[in-house]
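I have placed the structure first, in the form of structure tokens, so that the comments after it can refer back to it.
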There are 2 protein chains.
Amino acid sequence: MRTFVVAADAGQFQEAAADLSITQQAVSKRIAVLEKDLGVRLFTRTARGAALTIDGQAFLPHARELLRVAERAVASVRAGHRPLRVDVIASRGAASGLMRGFHRAHPEIELDVVWLFDIETAVAAIRSGAIDASFRAVAAPGRPLPGDIESVRAIDEPLQLLTGPAHALAGARSVTLAQLAGHRIWMPGIVPGTEWAAYYDDLVAEFGLTIEATGPNFGSDALLDTVADTPALATFMGAQTRLVWPAGHDLRRIPVTDPTPVYPHSLLWRRDNPHPALATLHAHLAATAAGHDDAGTWVPHWVGPR
Amino acid sequence: MRTFVVAADAGQFQEAAADLSITQQAVSKRIAVLEKDLGVRLFTRTARGAALTIDGQAFLPHARELLRVAERAVASVRAGHRPLRVDVIASRGAASGLMRGFHRAHPEIELDVVWLFDIETAVAAIRSGAIDASFRAVAAPGRPLPGDIESVRAIDEPLQLLTGPAHALAGARSVTLAQLAGHRIWMPGIVPGTEWAAYYDDLVAEFGLTIEATGPNFGSDALLDTVADTPALATFMGAQTRLVWPAGHDLRRIPVTDPTPVYPHSLLWRRDNPHPALATLHAHLAATAAGHDDAGTWVPHWVGPR
DNA sequence: GCTAGCCCACAACGTTCGGTTGTGGCTTGC
DNA sequence: GCAAGCCACAACCGAACGTTGTGGGCTAGC
């Protein structure tokens, strides 16, 4: 591909060969192989060089794009000045939406979003420099953050109840936490020992809920399918979580009140991380932070004040 | 790259090898080479398979994107169902802007824009099926379109005068064609025999202008640079042409009146071209066509009625 | 109209790359 | 403790891809 682009720019194979530090014959061969693979002629050979055919013209921007993408791919793992690497707890949740907004506001900042197991892994990765920041609920009690890690409350995501159409609460405009006692709430995939498990443990303990984490986690598609079809099951879902709605299903999102359980995403980063985009991310957070009203909401006691 | 993506999805090299119909050892080798080239570890090898490292997680979406781009590149020259291929006369002119609008309105339609020499080439390419449509001024007198080619007036692009700040007309809010007689208008790159040359020939003959096509065409950057710095030179430029403004220059776009010369872009296509997106393009043209007012405008006599 | 210059394609050849088979080490689970 | 599963290393072999050498075809200039 690179040979094709260089040859197209040069207008002749000879110059392209010089640019690539190979022989003209090698360029000729590479182009011939590419043409054979594609099944079309890309250049018309003349005595003065090689001009693009119409197919070649159509192909050229795609080839350039491929080189750009390849370069970005390499840059994403380059030591030193690589894209800002941020860990988010759920790929479709509020933190992920915030990063989308950040990307829209600063499209020039290269960004990679990864998705680590839990806050322990995230903190280790932040300390090692493998990632630059993380959106997480801060560590559970007895596990304070190391001194070189800073954190700030970033987004609070209210939880909603997600039910199928036949669920007893399907018609409710909102439900209280007290009303949920006795109903089965199914959240497969919760792994004990993680900070998100600790969040739901506290929620269960404080309001007497029944959360079942049993069964293997087959992904959100399977979860939604099951919830939609099972009248006795409901699940919790972040209000800002973008669902991929299963086709043909009728799912209900019901706000939870008195209080509203809120999942607290803090931004974590290492104090001496020199990545320039980190400051931009902080500025973006400050700029987009809505006025917070903690009245009527619940977070675990181990989450620090704002 | 494909091996990396397949292995990441499979979670182990063995299964990836089966998917790719190669041996596990080959997968191991390919990944090892990729890791060596990138200088980072992409997988952590365990007894149960291979899990992505953080670098691998960051790299994965880029790798997927690369495969997508590669597939689109191949599709762009695939015989049969390839993207709609449209020829536009200037890469930044009105027709090009229209295609951008079409792409925004129908992002699902794959599109390739090419850029042929003149209408003769374009008609030949349309007849051969190499391209699907072309935005062109219809053929000059004595050169009717072949019977299998249809055309419809699509966009009229008014010409404006482009001058530097020191030009005699730089301060004018508008100029008439009669006022331009005696001024030097420089349009390098006009090639005799093309339909666009015929347009300017007629314009010169009818209004007694002085258009100089001398000198090699070093591209629009050089043209703008020269016009900006030379008080005695001006040039014509389509009103809807998106310029890449040279840094530090002060260029003026001055409307031309009495009459306003208008470059007529017709859409040309082959009657029996079966490409489904062609109908969508027609519909888009009809939907976006503004009400036309031909009063006070000029086009060559050989351009048919609307 | 011939020739010199330029550019690309074809052929022959050697190295390198990338696949295979064979094997061993490590972890996990019964 | 052993069997099963998975990955890495080594040896080997063929294909791929580079090189050098050469020829054909178009163009420009005398």
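Using +1 on the beta carbon of Lys and Arg, -1 on that of Asp and Glu, and nothing else charged, what's the dipole of region A:186-286 about the Cα centre, debye to 20?
On the way: 5 positive and 11 negative charges, 88 e Å.
For this selection, approximately 420 debye.
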Selected from A:G208, A:G129, A:G49 as most flexible by GNM, with chain A as the system and alpha-carbon contacts under 10 Å | A:G49
Share antiparallel - DSSP beta bridges, chain B, percent rounded to 5 | 65 percent
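Compute the Rg/Rh shape ratio of chain A: radius of gyration over Kirkwood radius, all on alpha-carbon atoms.
Reported Rg/Rh (Cα atoms, Kirkwood Rh): 1.14.
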Once the label point is placed 7 Å from Cα along Cβ, list for B:L67 the distances to the corresponding points in the other copies, in nm, shortest first.
-> 2.5
Can you tell me the FRET efficiency between A:V204 and A:D272 if r is taken as the Cβ-Cβ distance and R0 is 45 Å, rounded to the nearest 0.05?
-> 0.70
Chain B residue with Cβ closest to the axis mapping B onto A, distance in whole Å = B:V69, 3
Candidates B:T241, B:T44, B:T214, ranked by Gaussian network fluctuation over chain B, Cα under 10 Å, top entry | B:T44
For region B:47-63, in order, what is each residue's ³J(HN,Hα) by Karplus, 6.51 cos²θ - 1.76 cosθ + 1.60 with θ = phi - 60°, in whole Hz (x at glycine and Pro)?
-> 6, 9, x, 10, 9, 5, 6, 4, 4, x, 4, 5, 6, 4, x, 5, 5
Rounded to one decimal in nm, the spacing of the 7 Å Cα→Cβ label points at A:A32 and B:A232 is 5.4 nm
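Which whole number gives the average, over all residues in B:112-121, of C-beta atoms from other chains lying within 10 Å of the residue C-beta?
So the per-residue partner count for this stretch is 3.
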Could you please state, rounded to a whole Å, how far the C-alpha centre of region A:223-279 is from the C-alpha centre of region A:150-174?
-> 8 Å
Along each of its three principal axes, how wide is the spread of alpha-carbon positions in region A:2-75, in whole angstrom units, largest first?
-> 39, 27, 19
Alpha-carbon radius of gyration plus Dmax, which is the widest Cα pair, for region A:158-261 in Å | 12.8, 36
Neighbouring partner chain Cβ atoms per residue of A:71-79, average, 10 Å criterion = 6
Across A:A239, A:A50, A:A139, the residue with the highest GNM fluctuation in chain A (Cα network, 10 Å cutoff) is A:A50
Here, A:A222 and B:R68, labelled 7 Å along Cα→Cβ, have an inter-label distance in nm of 2.6 nm
Given the protein assembly as shown, what whole percent of its Cα pairs are spread farther than 45 Å?
-> 40 percent
Hey, any idea what Rg/Rh is for region B:90-196, computing Rh the Kirkwood way over Cα pairs?
-> 1.04
DSSP beta bridges in the protein assembly as shown [antiparallel fraction, %, rounded to 5] = 65 percent
Starting from the Cα of A:K36, draw a straight line to each of the aspartates and glutamates and keep only those under 20 Å, dropping any in the same chain fewer than 8 residues away.
-> A:D55, B:E71
Tell me, what is the percent relative contact order of chain A, built from C-alpha pairs under 8 Å that lie six or more residues apart?
-> 21 percent
Looking only at region A:134-165, which residues have a backbone nitrogen under 15 Å from a spot 7 Å from the Cα of A:S174 in the C-beta direction?
-> A:158-161
Label geometry 7 Å along the beta-carbon vector: B:Q179 inter-copy distances in nm = 7.3
Sorted shortest first, the nm distances from the A:E212 label point (7 Å along Cα→Cβ) to its counterparts in the other copies are 8.7
With a ≥ b ≥ c the root eigenvalues of the C-alpha gyration tensor of region A:181-222, is it rounded (a/c under 1.5), prolate (a/b larger than b/c) or oblate?
-> oblate
Taking N as the residue count of region B:1-149, its alpha carbon Rg divided by 2.2 N^0.38 Å gives 1.58
Relative to the longest principal axis of chain B, what angle (0 to 90°, nearest 10) does the C-alpha long axis of helix B:276-288 take?
-> 50 degrees
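Each value in this text was obtained by applying a stated rule to the coordinates, not by laboratory testing. Here the structure is a predicted model, which means the values were calculated and not measured. All Cβ positions, even for glycine, are placed from backbone atoms using ideal geometry, and neighbour counts span all protein chains on display.
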